[in-house]
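The values are calculated or read from the model by the stated rules, or taken from the named source; none is laboratory data. It should be emphasised that the depicted structure is a prediction, and the values quoted were computed from it without experimental measurement. Here the Cβ is made from the backbone with ideal geometry for all residues, glycine too, and neighbour counts use every protein chain on show. These accessible areas exclude ligands, DNA and RNA; they are computed on the full protein's heavy atoms, side chains included. Shrake-Rupley method; radii C 1.70, N 1.55, O 1.52, S 1.80 Å.
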Amino acid sequence: MTDPRIIDGKAFAEKLRASLTQIVTGLKQDHGLVPGLAVVLVGEDPASQIYVRNKAKQTAACGMRSFEHRLPADASQTALLSLVAQLNEDPAVHGILVQLPLPAGIDEHAVIDAINPAKDVDGFHVVNTGRLATGAPALTPCTPLGCLMMLQDRLGDLSGMEAVIVGRSNIVGKPMVALLLSANCTVTIAHSRSRDLPAICRRADILVAAVGRPEMIRGDWIRPGATVIDVGINRVPSETEGKTRLVGDVAFAEAVAVAGAITPVPGGVGPMTIAVLLRNTVVAACRQHGLPEPAI
Ligand code: NDP
């Protein structure tokens, strides 16, 4: 039997994709609308190629249209901006994702700024970050939204809970603050300059680790019974010579003995990210067509 403390992100993502498949079927039948996601990959970064392939596969599996655009590593910023402009105008494309990181020499901000905010399914455009921060309807970054969904599924109403987020990036830490605040948590965000990080973490009913440092958060930093969301994905050498394995930012074996619930790595936050990307594409398509948003 699986440990009830483990939050199974893979199963949660499967459930979300199953609901999306049903919603997409309904949109096709009732409105002739097929949500479409365009993913743009520049260069040949191996990890990015795997992500893009998985995104395309899962988009199609949910009954949506998937458009893949590949540009060579030496493509100019002008060529990329012109592709984004073309996708902005394409009525079959409801969501646009430019896979990051981009090769050196291309200004990420300029590219993100060029995406129509209504199609910005990554939620990185300043219009969407501003809307999220002010509580207006936004397209919300996928990883933190997936974390919130898993927290609410496990804990129900989060009102009044102490939430601590370690990491203040624009793609995880900062949007996580906005989401947990909107769920009425008392939120602390810590980073590399925070003093006495273990003491800050021990306050948390909800601890979100998004640091990028293998197993930095130890078991004795965790308040007994706390819910721990480990966003980190770190590749480290494995016991088998020449092989590697994935670990999170939390020392899992220590943490699982203390926490009330915890996401594993792999199989926790990671699978949710793509499922939420598909959810954002469906939401974007409904908004663009003036249809009611699905409650997911
Ligand atoms: P960034 O590198 O952009 O941000 C890391 C944050 O951690 C920074 O705010 C940094 O602080 C803080 N930090 C670094 N060292 C310490 C320290 N010793 N003590 C306290 N804080 C520290 O990372 P991302 O947010 O992009 O990603 C974080 C992790 O999450 C990575 O492992 C990444 O691979 C993973 N990730 C996983 C995703 C998924 O789908 N599961 C999606 C996105 C990311 P400062 O600002 O002061 O430098």
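Expressed as a whole percent, the accessible area of region 139-195 that falls on carbon and sulfur atoms is 47 (1.4 Å probe). Seen against the Cα atoms of the chain and their longest principal axis, helix 142-155 is set at about 50 degrees.
A Förster radius of 41 Å combined with the Cβ-Cβ distance from HIS109 to ARG245 puts the calculated FRET efficiency at roughly 0.75. Rounded to the nearest 10 degrees, the angle from helix 269-288 to the longest Cα principal axis of the chain is 40 degrees. Across all directions, the average projected area of the convex hull around the alpha carbons of the chain is 16.4 nm².
Taking the inverse of the mean 1/r over every pair of distinct Cα atoms in region 19-140 gives a Kirkwood hydrodynamic radius of 15.2 Å. In the context of the full set of protein chains, residues of the chain present 47 Å² of accessible surface per residue (probe radius 1.4 Å, heavy atoms only).
When +1 charges are put on Lys and Arg Cβ atoms and -1 charges on Asp and Glu Cβ atoms, the dipole computed for the chain relative to its Cα centre reaches about 300 debye. When Rg and the Kirkwood Rh are both derived from Cα coordinates, the Rg/Rh ratio for region 137-296 amounts to 1.00. Could you tell me how many degrees, from 0 to 90 and to the nearest 10, lie between the Cα long axis of helix 77-89 and the main elongation axis, the longest principal axis, of the Cα atoms of the chain? Rounded to the nearest ten degrees, it is 80. The Cα trace of region 123-213 gives Rg and Dmax of 12.7, 36 Å, the first to one decimal, the second as a whole number.
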